[in-house]
Amino acid sequence: MYSANQEDTLRQEALDTARGYSTIMSSFDYQNLDANKDSIASMSTDEFAGTYRTMVDSLREVVAGGQGQASATATDVGIESLDNSSAKVLVFVDQQAKNVAAPEGNTQKYRMVVSLVRSDDRWLVSNVETK
């Protein structure tokens, strides 16, 4: 059982991890789609890092062909569930994206559920669902 301070620390670390991950995952540039790969891998379980790599590889041709670029901001985060070994965090992301079809860009709003597992002294992302 954790003290209130320890639980607050776990909660804040989970929120920070989910916020950072969602922002990095939702930001890309067709000129260097691998730029975020190391950051994503270091914040993920091995299994989910593989899932992420597969997703990027499957979208590579479409994003590069459309000259897609995006930056993102996690506007709000909140804990759905939390215990000493896992957490689910709701993340609201605003993504500013542009490509050849929309050169002026547009803003897309995403809701994500980021699943985390505790590994040693940090949280790792084990799944992300976009709602």
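Among Q95, Q67, which is the only one that is farther than 25 Å from E7 by Cα and touching a helix residue (DSSP H, G or I) at 6+ places or on another chain (Cβ under 7 Å)?
One residue alone meets the criteria, Q67.
From the list S39, S58, S81, S3, the one residue that fits, being closer than 22 Å to D94 by Cα and small (G, A, S), is S39. Only a single item in (1) out of contact with any helix residue (DSSP H, G or I) (no Cβ under 6 Å at 6 or more places or on another chain); (2) among the β-branched types (V, I, T); (3) closer than 18 Å to K131 by Cβ is not met by V56, and it is number (3).
If you check Q69, Q31 for being surrounded by 14 or more Cβ atoms within 10 Å (Cβ to Cβ), of a type in the set (S, T, N, Q) and over 21 Å from R11 (Cβ atoms), only one passes: Q69. Being of a type in the set (A, V, I, L, M) and closer than 16 Å to I24 by Cβ is the filter; apply it to the range 72-82 and report the residue that is surrounded by the most Cβ atoms within 10 Å (Cβ to Cβ). Selected residue: A74. When you scan the range 1-21, do you find a residue that is basic (K, R) and at pLDDT 95 or above, even just one? Yes, because at least one residue in the range 1-21 is basic (K, R) and at pLDDT 95 or above. Hey, does the range 94-109 have a residue that's surrounded by fewer than 15 Cβ atoms within 10 Å (Cβ to Cβ) and under 25 Å from S42 (Cα atoms)? So far as the range 94-109 goes, no, none of its residues is surrounded by fewer than 15 Cβ atoms within 10 Å (Cβ to Cβ) and under 25 Å from S42 (Cα atoms).
Scanning the range 44-56 for residues that are surrounded by 13 or more Cβ atoms within 10 Å (Cβ to Cβ) and farther than 17 Å from N127 by Cα turns up nothing.
The values are calculated or read from the model by the stated rules, or taken from the named source; none is laboratory data. Nothing here was measured: the structure is a model prediction, and the numbers come from that model. Backbone-built Cβ (ideal geometry, glycine too); neighbour counts: all protein chains shown.
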